[in-house]
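One structure below.
The values are calculated or read from the model by the stated rules, or taken from the named source; none is laboratory data. Note that the coordinates shown come from a computational prediction; the quantities given were computed from them, not determined experimentally. With ideal geometry, Cβ positions are generated from the backbone for all residues, glycine too; neighbour counts draw on all protein chains shown.
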Ligand code: WTA
C-alpha cells in the first residue's frame with residue numbers, strides 16, 4: 001500500500017499515462033489470455049457460444065445468430081431458458097446457503113438473502129402476481145427505490161414470463177404515467193416510501209398521482225418499507241405486498257419456459273424527441289451478455305462480494321446489480337441511500353464491513369469523493385477490493401487516478417466501461433486481466449465487438465481525430481427494437497450510417513469519440529440532444545416541453561453545461577410571453593415544472609430569461625452556441641445567425657449569474 005502523504009508519489013501518478021494490470025490480479029483473473037481477441041475474431045459469431053455457455057438452457061439453441069431480417073437480429077435462436085431459474089434455481093444445490101443479496105438501508109438496518117431465501121421470496125411473489133392476474137407477456141411496471149423487493153419482483157416477473165418495466169423512483173408521477181400508458185401496463189409494484197438523509201420520504205403519494213394519469217385500469221402491489229414512519233392507506237385495486245406473499249407462503253411456481261428471443265424487460269430511456277424510448281431486451285441474448293461481461297470484465301466469481309453502487313432504476317442496476325451477478329451466483333451488495341449519510345465515508349464503511357471485492361460506480365460519484373477528500377476512504381480498510389469500475393460518462397484522468405490510488409490503493413485494475421441502455425451490457429473497456437489501462441480512454445472494444453470511430457461520411461477517422469462512434473457488428477446484448485415502434489428503432493440507431501442496399505448495417509449510439517493508434521477509444525459524449533447529469537441520461541426536448549408547459553413561457557431551449565461534480569448541469573434559456581414577468585417566482589415555477597414532469601434530477605441549475613434565442617437563418621435554434629455559452633467556451637463566428645446581437649446579451653446574463 002502507498003504512503004498517503006508522499007508528495008512524490010502524487011507527482012509520479014499525475015504524470016503516468018499508462019498502467020499495467022497488477023500481477024496479483026492477472027494471476028487469478030477469469031480472463032487473462034490476450035489471445036481472446038483473435039479467438040473471438042476468428043470464430044465470430046460462434047465465439048458468443050462462450051457467453052451462452054455461462055447459462056443453463058432448457059433447450060439448446062440451433063443457431064447463434066440469425067441475420068435474415070436486418071437490423072432485427074436474433075440470437076441463440078431455438079434456445080429456451082428462464083432468467084429467474086438461471087439467477088436462482090440452478091444455484092440452490094451448490095450454494096443455496098450463500099448470500100445472493102446483502103442489503104443495507106440508509107439507517108444502517110440490514111437484510112440478507114441467501115440464494116435459497118431469495119428463491120423462496122421470488123416464488124411467493126410470482127404466485128402472488130399470478131393470482132392478481134399477471135399473465136405471460138403482460139408488462140409489469142415497477143416504481144421502487146433500492147429495496148430488496150425490487151429485484152425480487154423483477155425476478156418474479158422473469159419467472160412467469162412477464163416483462164418488467166422499471167421506472168426510476170426519482171422520476172415524477174407524470175413520468176410514471178407516461179411509461180405505463182406507453183406500455184399498456186396494467187400492473188404496478190411500488191412501495192410506501194424510503195429513507196433519504198435520515199428522513200422518511202413519501203413515495204406512494206407520487207405513485208398514486210401517477211396512477212391517476214394512467215388511461216386504463218390497474219392493479220397495484222404496495223411494499224411497506226417505512227412501517228410506522230409513514231401511514232398510508234391502500235386504495236381500491238391496491239394490495240399489500242406482505243399480505244399477498246403471506247397468502248402464498250411456501251408456494252412453488254415453476255419457471256416458465258421462454259424462447260431466447262422472448263422479451264425479458266423493457267426500459268424507457270431518453271432520446272432526441274420528447275417521447276421516451278422503450279428499449280426491448282430479450283431473455284437469451286441479454287442474459288448471456290451480462291453474465292459474460294460480469295465474468296470477463298468485472299471478474300465476478302461466486303465467492304466474491306461484489307458491489308455496483310448504481311440504482312436498479314437505470315440499466316446499470318439491471319445488468320450489473322441484478323442479472324449479471326446473480327446469474328453467476330455471487331453476492332451482490334445493495335445500498336438504499338446516499339453516499340454521504342450519516343457521513344461522507346458511508347461507502348467506504350460498507351466496503352470495509354462486507355469485505356467488498358469489486359466496486360462499480362460512476363465518475364460523478366468519484367468526483368464527489370475527490371472533493372470531499374481522501375481522509376474519508378483513508379479511515380477504512382479497503383484491502384478487500386480487487387477491481388474497480390466506472391460507467392455512465394467520461395472519466396477524466398485526474399478522477400481515474402484518484403480512484404486508482406485512494407480507493408484501489410494502486411493494486412486494483414480500473415475498468416472504464418462504455419455502454420448504453422440499448423447495448424444491454426459493456427461494449428468498450430479494457431479487459432482487466434489483460435489490457436494496459438490508459439486513464440481517460442475507455443479502451444478497445446471488447447472481444448467480438450466491432451466498433452469504429454468514423455467521420456460524417458462513415459469513413460474511419462485517423463488516430464487522434466474526433467468523430468462518431470459506430471458499431472459494425474451485432475452483439476447478443478443489443479436491444480431488439482423500440483417497443484411497438486420498429487420504424488423509430490431503425491430511424492434512431494441504423495439510419496445514419498447503414499447501407500441497406502448492400503446489406504451493411506451500422507449501429508449509431510449517438511456518441512462522439514476518438515481513437516488512438518493502439519485502438520483505444522475515448523468517448524467524448526452525446527452528439528444528440530441528450531444531457532448526462534450525474535450519470536443520468538435526460539432528453540433536452542423533454543425538459544423543454546416541461547418548461548413551455550409553464551404558464552407565461554413562450555419558448556425554451558435546454559442544454560448541458562459542464563459541472564464539476566455532476567458532469568453536466570441543465571441550463572435553461574427561456575423566452576416569456578408578452579406580459580409575463582421575469583421574476584424569482586417565475587424561475588421557481590419553471591424549475592418546479594421540470595421537477596413535476598420528469599423528476600428532481602432534471603431541475604435546471606441555471607435559468608436565463610432572454611428576449612430571443614440565437615437562431616440560424618432558417619430559424620433553427622443554435623444549441624451548440626447555447627452550450628458554448630454555458631461552458632464559457634469560445635463562441636467562434638456568430639455572424640451567420642439571424643440575430644447575432646442576442647448572443648452578447650445572453651452571454652452577459654450567464655456570466656452575471
Ligand atoms: C455515456 C449507461 C463515456 C454515453 C450505462 C452513453 C459513457 C450514455 C460511458 C449511455 C463511459 C456511458 N465513458 N461515456 N465509460 N458510459 N457513457 O443509456 O454518452 O444511461 O451514450 O447507459 O452514457 O447512458 P445510459
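Entry remark, the range 250-284: residues being over 18 Å from the mean Cα position of the chain (by Cα) and farther than 30 Å from residue 201 by Cβ number 17 in total. In the range 463-472, the condition of being within 30 Å of residue 262 (Cα to Cα), surrounded by fewer than 22 Cβ atoms within 10 Å (Cβ to Cβ), in contact (Cβ under 8 Å) with a residue 24 or more places away in the chain and away from the ligand (no atom under 16 Å from the Cβ) is met by at least one residue. Only one entry in 601, 650 is assigned to a helix (DSSP H, G or I) and farther than 30 Å from residue 176 by Cβ, namely 650.
Of the residues screened, residue 588 is not one that is outside any helix (DSSP H, G or I), over 21 Å from residue 274 (Cβ atoms) and out of contact with any helix residue (DSSP H, G or I) (no Cβ under 9 Å at 6 or more places or on another chain). Against the test of being within 16 Å of the ligand (Cβ to nearest atom), at negative phi and either assigned to a strand (DSSP E or B) or buried (at least 20 other Cβ atoms within 10 Å of the Cβ) (or both), the options 574, 559, 550 yield a single qualifying residue, 559. Can you find a residue in the range 303-311 that is within 22 Å of residue 433 (Cβ to Cβ), at pLDDT 95 or above, within 16 Å of the ligand (Cβ to nearest atom) and in contact with a strand residue (DSSP E or B) (Cβ under 7 Å, 6 or more places away or on another chain)? Among the residues of the range 303-311, at least one is within 22 Å of residue 433 (Cβ to Cβ), at pLDDT 95 or above, within 16 Å of the ligand (Cβ to nearest atom) and in contact with a strand residue (DSSP E or B) (Cβ under 7 Å, 6 or more places away or on another chain), which makes the answer yes. Just checking, does the range 426-443 include any residue being surrounded by 24 or more Cβ atoms within 10 Å (Cβ to Cβ), farther than 13 Å from residue 521 by Cα and within 13 Å of the ligand (Cβ to nearest atom)? Yes, the conditions are met somewhere in the range 426-443. Within the range 522-547, the set of residues being more than 9 Å from the ligand (Cβ to nearest atom) and either closer than 16 Å to residue 315 by Cα or part of a strand (DSSP E or B) (or both) comprises 531, 533, 534, 538, 539.
If you filter the range 496-513 down to residues that are in a strand (DSSP E or B) and over 19 Å from residue 390 (Cα atoms), you find that the one that is nearest to the ligand (Cβ to nearest atom) is 507. Among residues that are crowded, with 17+ Cβ neighbours inside 10 Å, within 16 Å of the ligand (Cβ to nearest atom) and farther than 30 Å from residue 54 by Cβ, residue 390 is not included.
Kindly indicate whether residue 272 is modelled with pLDDT under 95 and not assigned by TED's automatic domain parsing to the domain that holds residue 202. It is true that residue 272 is modelled with pLDDT under 95 and not assigned by TED's automatic domain parsing to the domain that holds residue 202.
Go through 416, 343 for me and flag whichever is assigned by TED's automatic domain parsing to the domain that holds residue 308 and away from the ligand (no atom under 16 Å from the Cβ). Testing whether each residue is assigned by TED's automatic domain parsing to the domain that holds residue 308 and away from the ligand (no atom under 16 Å from the Cβ) leaves just 343. Of the listed requirements (1) over 16 Å from residue 393 (Cα atoms); (2) touching a residue at least 40 places away in the same chain (Cβ under 8 Å), residue 562 misses just one: (1).
State whether the residues of the range 62-84 include one that is closer than 30 Å to residue 145 by Cα and in a strand (DSSP E or B). Yes, there is a match, as at least one residue in the range 62-84 is closer than 30 Å to residue 145 by Cα and in a strand (DSSP E or B). Among residues of the range 522-537 that are under 15 Å from residue 367 (Cβ atoms), those with a beta-carbon under 8 Å from a residue that is in a strand (DSSP E or B) and near the ligand (Cβ under 7 Å from one of its atoms) at least six positions away or on a different chain give the pairs 532/525; 532/526; 535/391. Figure legend. Inter-residue proximity from the range 175-194: first residues free of Cβ contacts under 8 Å to residues at least 24 places away in the same chain, second residues surrounded by fewer than 20 Cβ atoms within 10 Å (Cβ to Cβ), beta-carbon distance below 7 Å, spacing 6+ or different chains. No pairs are indicated. Just one residue in the set 320, 306, 335 is within 27 Å of residue 377 (Cβ to Cβ) and surrounded by fewer than 22 Cβ atoms within 10 Å (Cβ to Cβ); that residue is 335. On the stretch given as the range 211-235, residues that are crowded, with 18+ Cβ neighbours inside 10 Å and either part of a strand (DSSP E or B) or in contact (Cβ under 8 Å) with a residue 60 or more places away in the chain (or both) total 5. Only one entry of 381, 355 meets the criterion of being over 24 Å from the mean Cα position of the chain (by Cα) and within 30 Å of residue 85 (Cβ to Cβ), and that entry is 355.
Within the range 135-192, being part of a loop (DSSP other than H, G, I, E, B), more than 21 Å from residue 240 (Cα to Cα) and more than 21 Å from the chain's Cα centre (by Cα) holds for 136, 137, 161, 184.
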